[in-house]
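I have placed the structure first, in the form of structure tokens, so that the comments after it can refer back to it.
The values are calculated or read from the model by the stated rules, or taken from the named source; none is laboratory data. Not measured: the values here are computed from a predicted model. All Cβ positions, glycine included, derive from the backbone under ideal geometry; neighbour counts span all protein chains shown. Keep in mind that these areas ignore ligands, DNA and RNA; they rest on the heavy atoms of the full protein, side chains included. Shrake-Rupley method; radii C 1.70, N 1.55, O 1.52, S 1.80 Å.
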There are 4 protein chains.
Amino acid sequence: MDKGRLEAFSDGVIAIIITIMVLELRVPHGDSLQALKPLIPVFISYLLSFIYIGIYWNNHHHMFQVVKSVNGFVLWANLHLLFWMSLVPFVTAWMGENNFTKWPTIFYGISLIMCGVAYRILVISLIRHEGENSLLAEAVGNDFKGRISVVIYAIAIALAWVNPCISFVLYGVVACVWFIPDRRIEKKVMHEEHPQ
Amino acid sequence: MDKGRLEAFSDGVIAIIITIMVLELRVPHGDSLQALKPLIPVFISYLLSFIYIGIYWNNHHHMFQVVKSVNGFVLWANLHLLFWMSLVPFVTAWMGENNFTKWPTIFYGISLIMCGVAYRILVISLIRHEGENSLLAEAVGNDFKGRISVVIYAIAIALAWVNPCISFVLYGVVACVWFIPDRRIEKKVMHEEHPQ
Amino acid sequence: MDKGRLEAFSDGVIAIIITIMVLELRVPHGDSLQALKPLIPVFISYLLSFIYIGIYWNNHHHMFQVVKSVNGFVLWANLHLLFWMSLVPFVTAWMGENNFTKWPTIFYGISLIMCGVAYRILVISLIRHEGENSLLAEAVGNDFKGRISVVIYAIAIALAWVNPCISFVLYGVVACVWFIPDRRIEKKVMHEEHPQ
Amino acid sequence: MDKGRLEAFSDGVIAIIITIMVLELRVPHGDSLQALKPLIPVFISYLLSFIYIGIYWNNHHHMFQVVKSVNGFVLWANLHLLFWMSLVPFVTAWMGENNFTKWPTIFYGISLIMCGVAYRILVISLIRHEGENSLLAEAVGNDFKGRISVVIYAIAIALAWVNPCISFVLYGVVACVWFIPDRRIEKKVMHEEHPQ
């Protein structure tokens, strides 16, 4: 089965997710600089989520470059990922509007974990489809970054009971770790195309 | 006429439908766990509708894989399907916000029936265009799943007068039936490509 | 210049326009059949606009099938069309929520005229780019349907001072006239591809 | 790395940005001509932003025509541009709803500067990837229009302390300067394809 429409549909959904988040930046009633002040936490959480969704799009893009075809299970694994990503605008707004208090920050972390797990399921379903010796399987390797991220999210969630600000900083740290697109795949592709 | 733009446009509309539903998960005012409680039924109906829209996208995707070209009638049959699908976010929110009471649950069922009928019209218009002996016609066959779904929706609607929860369970049952993408087409395609 | 991205971008914008209109079907607070009653005019105007946007998408699709390339002027003529189409959700909601009273119905007609004029400008800019003897120029011909539509819209607007319901009926009549996709182009394409 | 999905994703995000702005044109409660009056400044700022987003899409489209491939840095430079563009609907609505008072007009200008800077970063990252002697580098040249725009935005922001209307006029002037799509690239492409 061709991967073209899966990519197009995912691009569409991710484009909408990344854009509708800005709708939560509600236009303030006043026209003073003061009126913008309550929006600062909403803006910060928007920024973090924009980076996260951007990371997922980048990795999705990178991964599907080495994918040759898809099957029914991959379609659902992809929809499963999109489902958890679709909840990001909700938790983003809840966290931002409540100034990073405990429960919103915890739920933000839970949604990040679920996205991470869903992405992992997508990777596994693709490797199962492409084969253990496929370019993709080699490129992904043991997925250290993916594993460590989920661990850090879990720690961040636990620390929200101490101070939700620590959790937020940890979410930011993971984003920084992922900021650099998946060089592993880029290298593999290059290596494949230009072997010595 | 080329099928490319019909697929792209449908992908766009379906991507928006599946994503704007999450806008009905309105950010609660409080930051406690309690504040999320009224959102549980809204979340459950969002989940069901996400699966339904996902199913339609999957089947649409599968079906158009074996379609070779489209005509003006198919374009309208497709828009007709998208029209009924575009009402799903509305009935989803109405049902969720009213905790699965009678009339919202009935209207949810009606919109599912209309989507099912519209999908059937699309299939018929495609078979008429492609020919009775086309790959598509063989792949769809007698469409037992499609027929039985509409019957179950009708039963679910009738039972809403007794207890709307039964209706909701039945909607879920149909979703489970459809969850598995249309193997018939996948098999046909494979058979066509790799005949013994 | 390639026409691919113009088509993709237009598909995206039109998909969003046709879908966000449903957001004006605001979820009623009650769960009774009565609660849906005030939504009936909103639904009717949504239905009419859905058909209109569908018609524009269909005609856009048909027209660009015979277009070979685009230039900077065509890009702007297309954006100009999308601008007027983007106002349709606004006038649709205004008309629906006010139960088809005079001014909303007039503005709905004005937006339809502007869309019609913008479409004509797009056609002219494309013919200028493709040449007077191009397939497109022949296919469009004297554009009788386009001209008569604008005349009927103008009459409908004038009659809104008498009774806005007449205007609405006239808008519906034009939609029916356009419902059938542009056979002229389909015929031309077929003729071109399979000349006797 | 292929540029196709970057274009598709950007088209999706830009299509959504340009369309959700119209959601700020909130349907008035009355049905009289008077009820539309408060919407006039919102409409004017919508019009200006529509033109700006249209300009960015046009230039993006033109630029990527001569781009051959992308890398991870370009993906992020592009997401960075989309981030600042995603704030345009917010500042547009804030400016329109406050009738072009000082602070909203200043923030509108700031978001335009940031979009301009982000676009410049994207151009530089593309030139670095394609090479100093690439078609793109030649086509962009010294980017006089880009530089002068940022200078005019800065002047406009400074003049907002005198009179925000002057700022708005200056934003409009820059839009006019950019209205004409980037002939430089069009000429380069033609020259490349049809050298004497």
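Mind telling me which of C:70, C:177, C:91 comes out most flexible in a GNM of chain C, alpha-carbon contacts under 10 Å? Evaluated over chain C, the most mobile residue of the options is C:177. What is the diffusion coefficient of the stretch D:103-144 in µm²/s, taking the Kirkwood radius over Cα pairs and the Stokes-Einstein relation at 4 °C with a viscosity of 1.567 mPa s? It diffuses with D of about 113 µm²/s by this estimate. Label points for residue B:143 are taken 7 Å from Cα along Cα→Cβ. From this copy to the others they lie 3.8, 3.8, 5.4 nm apart, shortest first.
What is the stretch D:40-94 by shape, rounded, prolate or oblate, if you read a ≥ b ≥ c off the alpha carbon gyration tensor as root eigenvalues and call it rounded for a/c under 1.5, prolate for a/b larger than b/c, and oblate otherwise? Taking the square roots of the gyration eigenvalues as a ≥ b ≥ c, the stretch D:40-94 is oblate. Shape descriptor for the stretch A:1-63: Rg over Rh equals 1.17 (Cα atoms; Rh from the Kirkwood inverse mean 1/r). Note on the stretch C:9-122: percent of Cα-Cα distances in each 10 Å bin, starting at 0 and stopping at the bin with the largest distance, equals 13, 42, 27, 13, 4, 1.
Measuring between alpha carbons in the structure, the pairs from C:102/C:145; A:37/D:102; A:3/C:68; B:68/C:3; C:145/D:37; C:37/C:102 lying more than 24 angstrom apart are C:102/C:145; A:3/C:68; C:145/D:37.
Computed per residue of chain D from DSSP H runs no shorter than four, each worth -39500 (n - 2.57), the mean residue ellipticity at 222 nm is -25000 deg cm²/dmol. Across the copies of the chain, residue C:131 has label points (7 Å from Cα along Cα→Cβ) spaced 3.5, 3.5, 5.0 nm apart, shortest distance listed first. Checking the a/c ratio against 1.5 first, then a/b against b/c, what shape does the Cα gyration tensor give for the stretch A:139-182? Oblate shape, in that a/c is at least 1.5 and b/c is the bigger or equal ratio. Each principal axis of the Cα atoms in the protein assembly as shown has its own extent, and those three values, largest first, are 67, 67, 59 angstrom. Average accessible surface for the stretch B:10-90: 28 Å² per residue, computed with a 1.4 Å probe over protein heavy atoms with every protein chain in place. Largest mean-square fluctuation among D:104, D:164, D:28, in a Gaussian network model of chain D whose springs join Cα atoms under 10 Å apart, belongs to D:28.
Within the accessible surface of the protein assembly as shown, defined with a 1.4 Å probe on protein heavy atoms only, the carbon and sulfur portion equals 67 percent.
For residue A:68, the point set 7 Å out from Cα toward Cβ sits 2.7, 2.7, 3.8 nm from its twins in the other copies, listed from shortest up. Once the stretch C:63-134 is represented by equal point scatterers at the alpha-carbon sites, with solvent omitted, what log10 I(q)/I(0) does the Debye formula produce at q = 0.15, 0.18, 0.25, 0.27 Å⁻¹? For the stretch C:63-134, the Cα-only Debye profile gives -0.57, -0.70, -1.01, -1.11. List the DSSP H helices in chain D whose Cα atoms stretch 18 Å or more along the helix axis and whose mean Kyte-Doolittle hydropathy is at least 0.0. Taking the DSSP H segments of chain D (at least 18 Å long, mean hydropathy at least 0.0), we get D:4-20, D:40-65, D:72-86, D:102-130, D:144-159, D:164-179. Using bins of 10 Å that start at zero, the share of Cα-Cα pairs per bin across the stretch C:50-173 amounts to 13, 41, 29, 14, 3, in whole %. Between the stretch B:145-180 and the stretch B:5-56, the C-alpha centres lie 20 angstrom from each other.
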